[in-house]
Amino acid sequence: MSTVIDGAHVVTMDAARAEYGSGHVVVEGRRITAVGAGPAPRDVDGARYVDARGCLLTPGLVNTHHHLYQWTTRGHAVDGTLFEWLTTLYPVWGRLDEDVVRASASGALAWLARTGCTTTTDHHYVFPRDGGDVLGAEIEAARAIGLRFHPTRGSMDLGQSQGGLPPDHVVEDIDAILAATEAAIDTHHDPSFDSMLRIGVAPCSPFSVTGALLEQAAGLARAKGVRLHTHLCETLDEEDFCREHFNRTPVEYMDSVGWLGPDVWFAHAVHLDDQSIATMAATGTSAAHCPSSNARLGAGIARVRDMRDAGVTVGLGVDGAASNEACAMLEEVRHAALFARARGGPRQLTVREALELGTLGGAAVLGRAAEIGSLEPGKLADLALWRLDTLPHAGIADPVAALVLGAPPPLELLLVNGAPVVERDRLFTVDEETVAREVTRAGKKLLERVGALS
């Protein structure tokens, strides 16, 4: 179908960062065909016209790091460090199955859509032996919700008996990991321009995988032409682990196993020294900034200004639902701005730079800046229309400041690939109450398997 959005304040995120105080966007099929100032053309055959006066139109938000399966384990170990939190929840996650993952992913994806997200990644790295097809379950959930999806086939092969953090029963054999990862790529990956589904390769972290897995996973990903993702530099504990076991900083270690380059992005990247930032910039390695999760776990505040100034591509991520119970993409835009300013003053990150991180920045991290992340003719029609004429935002002079710094506004419309996913602040594709009931039921089922958590 065709959709014409007329009368909004339009933030394009194009190369000139053009904005139109009263503008329009025309969508025909899956593509944007026109963007401009003033009234929309009235002769688009068969189009649905949306009166967007009082609204702000932006590109859809892009989430570059998540763990969808954690939606059913929110609210546990709320005062723990990263390692304390992980050791509390690993035994629970070890009892996941495809039904629980499907419900968890549905809840997380539904809320991402409700908070303006049109494209999301997922880093799923727990594959219980009797859990069924958990990756397929979350792909099914994303298809039902209607989001553009970039799941990564994660993995862990370094259990506690070998000096790693995860318990042995949740790690896999390296050959099984590589075979399953290759099968996931062959089965699901779609490299086409308007792809709704792309697969990445994502061993979990330096303290949960071996160097052999990192090296072989990188070789597999590059042979298949897909991207690489892992956690890095999230905490000082990880820094200590890498220096103790490898006599290197985390970035130096990843360099030694072939994990730097324009096809790689690291989640968190909080504890980077100047040399590590320079190395990432020189190699084109990107970062997923997760401000809310890093604050929840007390991990620190990433050096976003320094990374951007050095030339590192930075996007935003909500991270897992169990370390960010809100899981709202718009909140990450707000927190990116506020935390950067808390660290270094009001010029550390402007409101428009924060919005850029959540749109075009995320698209670039995923290698899709030519397709999504801005409102331009020829690009895919992923966009978010925010209502700013209700009480919380009425009278705020700058619409972008209203979105980034104000209360979360109602989402009037969310289009993904030109199709409506949210309308008038309600999901269009699935029933929210049904999803909520299924999430509650799945969470109870999972916790009954392992006993109640303290």
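The values are calculated or read from the model by the stated rules, or taken from the named source; none is laboratory data. Model, not experiment: these values are computed from the prediction. Here the Cβ positions follow ideal geometry from the backbone for every residue, glycine too, while neighbour counts run over all protein chains shown.
Quick rundown of the values:
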| read-out | value |
| --- | --- |
| Residue match in segment 245-253 (condition: in contact with a Ser or Thr (Cβ under 8 Å, 6 or more places away or on another chain), surrounded by fewer than 22 Cβ atoms within 10 Å (Cβ to Cβ) and closer than 16 Å to Leu366 by Cα) | no |
| Every pair of residues 6+ apart whose Cβ atoms lie under 8 Å, when the first sits in segment 90-111 and is free of Cβ contacts under 8 Å to residues at least 60 places away in the same chain while the second is among the hydroxyl-bearing types (Ser, Thr, Tyr) | Val101/Tyr69; Ala105/Tyr69; Leu109/Thr120 |
| Residue within segment 353-374 that is modelled with pLDDT of 95 or more, in contact with a Pro (Cβ under 6 Å, 6 or more places away or on another chain) and hydroxyl-bearing (Ser, Thr, Tyr) present | yes |
| Filter result (assigned to a strand (DSSP E or B) and among the aliphatic types (A, V, I, L, M)) within segment 1-45 | Val4, Ile5, Ala8, Val10, Val11, Val25, Val26, Val27, Ile32, Ala34, Val35, Ala37 |
| Meets criteria (small (Gly, Ala, Ser), in contact with an Asp or Glu (Cβ under 9 Å, 6 or more places away or on another chain) and surrounded by 19 or more Cβ atoms within 10 Å (Cβ to Cβ)) for Ser208 | yes |
| Residue ranges of helices (runs of 4 or more DSSP H) in segment 289-354 with at least 1 members among the polar types (S, T, N, Q) and buried (at least 18 other Cβ atoms within 10 Å of the Cβ) | 291-296 |
| Scope segment 424-451; condition surrounded by fewer than 13 Cβ atoms within 10 Å (Cβ to Cβ), outside any helix (DSSP H, G or I) and among the charged types (D, E, K, R); matching residues | Arg424, Arg426, Asp431 |
